[in-house]
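Participant: For reference, the structure I am asking about is given below.
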Amino acid sequence: MSTPVEGESLFTPRNFAAFLLVSVIWGGTWLVIRDQIASVPASWSISYRFIVAALGMFALAAIRRERLSLAPGGMRWACLLGLFQFTLNFAFVYNAESYITSGLVAVMFALLVVPNAIFGRVFLGQQITGPFIVGSAIAAIGVALLFAHEWQSSPATLSEVLLGAGLTVCGILSASAANITQAMEGAKKQPFLALLAWSMAIGVVINSVFAWATSGPPQFDTRTSYSLGILYLGLAGSVVTFPLYYGLVRKIGAGQAAYSSVIVPVVAMVLSTLFEGFVWGPLPAAGAVITLSGMVIAMRGRASPPPRRATPEP
């Protein structure tokens, strides 16, 4: 990771505006995903999303006059990222939202820093501190409270809620594997925007093959909201936010930039309340506060920066 520029702060107007924009956009992606799976198989919706995102990323690289080709060996890294991040991660997330609310999935994804830290320790030699362990344990308790509420208030059965949780955990592990892949030296030697664009294009191919094999020929929802959702997820959720996020990482450091992982679930839970009928009470309120407080403690206790993230949020 690049060292933060001396004197740069999260709270300078430009940096804080970028931070809020990234957090709000990513917070909104979870609810949009819910609509995307209402009438179209998840794999086809994921394919459409990343067709838009890949084209947008290639266009952004061209506008910035950055290389569109990868360095030798780059396609191997693009294939790994395409599989872990833009196929498995999103397949698990989209299907998880068929069973549990989008806000709950988003809160669980705040725990992404935990497998990041564990895999970072195993593969990259990064340290894990005591405060990080304590904060992560606190956050896990908060998530357990949220799941208790989901089970009590949802018409879904316990097995369906647990299935949604299991799919979310698989998505988190897939995203973490992508993060570690991108943090390795071979991946870091690749031009960043080109690597993302090619990874997304490979993800489109894998998802399309899987969708055709399991759901038949391409299916598309002609509703305006569906098409706008594809554009939002592909352009705003990827092409706009990635450059802003990594600009923050370079200016203020990965530690401060990672606080978006705390803001994003808050936005997602608010939207879930407004549009999915999520009902607050003592149990979910305590769970949300405990989860986010634990993540703040964990990130403040992180001795070394987290691995470079391929996609901070779906």
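The values are calculated or read from the model by the stated rules, or taken from the named source; none is laboratory data. Keep in mind it's a predicted model, so treat the numbers as computed, not measured. All Cβ positions, even for glycine, are placed from backbone atoms using ideal geometry, and neighbour counts span all protein chains on display. Side chains included, ligands, DNA and RNA excluded: accessible areas come from the protein's heavy atoms. Shrake-Rupley method; radii C 1.70, N 1.55, O 1.52, S 1.80 Å.
Participant: Taking the chain as the region of interest, what is the percent of Cα-Cα pairs per 10 angstrom bin, listed from the shortest bin to the one with the maximum distance?
Facilitator: 6, 27, 37, 23, 6, 0
Participant: Here is a further query. Per the 1.4 Å probe, what fraction of the accessible area of the chain, in percent, lies on carbon and sulfur atoms?
Facilitator: The value for the chain is 71 percent carbon and sulfur by accessible area.
Participant: A follow-up question, please. Determine which residues of the stretch 123-158 fall in the zone a paramagnetic label at VAL289 would reach in this model, i.e. backbone nitrogen under 19 Å from the point 7 Å along Cα→Cβ.
Facilitator: Counting backbone N atoms under 19 Å from the label point, the list is 135-150.
Participant: With a cut-off of 8 Å between alpha carbons and a minimum separation of six or more residues, what is the relative contact order of the chain in percent?
Facilitator: Averaging sequence separation for qualifying contacts and normalising by length gives 42 percent for the chain.
Participant: Would you compute, for the Cα atoms of the stretch 1-157, the largest minus smallest coordinate along each principal axis and list the three values in descending order, in whole Å?
Facilitator: Largest first, the stretch 1-157 extends 53, 45, 37 Å along its Cα principal axes.
Participant: Next up: Going by average Cβ neighbours within 10 Å, how do the peptides 274-283, 45-54, 225-234, 289-298 rank, with the highest at the top?
Facilitator: 45-54, 289-298, 225-234, 274-283
Participant: Near PHE278, within a Cβ-to-Cβ distance under 12 Å, what is the net charge of the other residues, with Lys and Arg +1 and Asp and Glu -1?
Facilitator: Summing Lys and Arg as +1 and Asp and Glu as -1 gives -1.
Participant: Still on this structure, I have one more. Let's test the formula: R0 of 45 Å, r as the Cβ-Cβ distance of THR222 and ARG14. What FRET efficiency results, to the nearest 0.05?
Facilitator: About 0.65, to the nearest 0.05.
Participant: At 222 nm, what helix-only mean residue ellipticity would the chain give, in deg cm²/dmol to the nearest 500, using -39500 (n - 2.57) for each DSSP H run of four or more?
Facilitator: Result for the chain, helices only: -23000 deg cm²/dmol.
Participant: Here's another thing I want to ask about it. Accessible area per residue of the stretch 53-127 at 1.4 Å probe, in Å²?
Facilitator: 42 Å²
Participant: Among GLY74, SER43, MET295, which residue has its Cα furthest toward the positive end of the charge dipole of the chain, with +1 on Lys/Arg Cβ and -1 on Asp/Glu Cβ?
Facilitator: Of the candidates, GLY74 comes out farthest on the positive side.
Participant: Now for a separate question. What Kirkwood hydrodynamic radius, in Å, does the stretch 15-105 give when the mean of 1/r is taken over all pairs of distinct Cα atoms and then inverted?
Facilitator: About 15.2 Å for the stretch 15-105.
Participant: Moving to a separate point now. How large is ³J(HN,Hα), in whole Hz, for each residue of the stretch 108-118 in order, when computed from phi with the Karplus curve 6.51 cos²θ - 1.76 cosθ + 1.60 and θ = phi - 60°, using x for Gly and Pro?
Facilitator: 4, 5, 4, 7, 4, 5, 6, x, 4, 5, 5
Participant: Keeping every protein chain present and rolling a 1.4 Å probe, give me the accessible area per residue for the stretch 155-199 in Å².
Facilitator: 36 Å²
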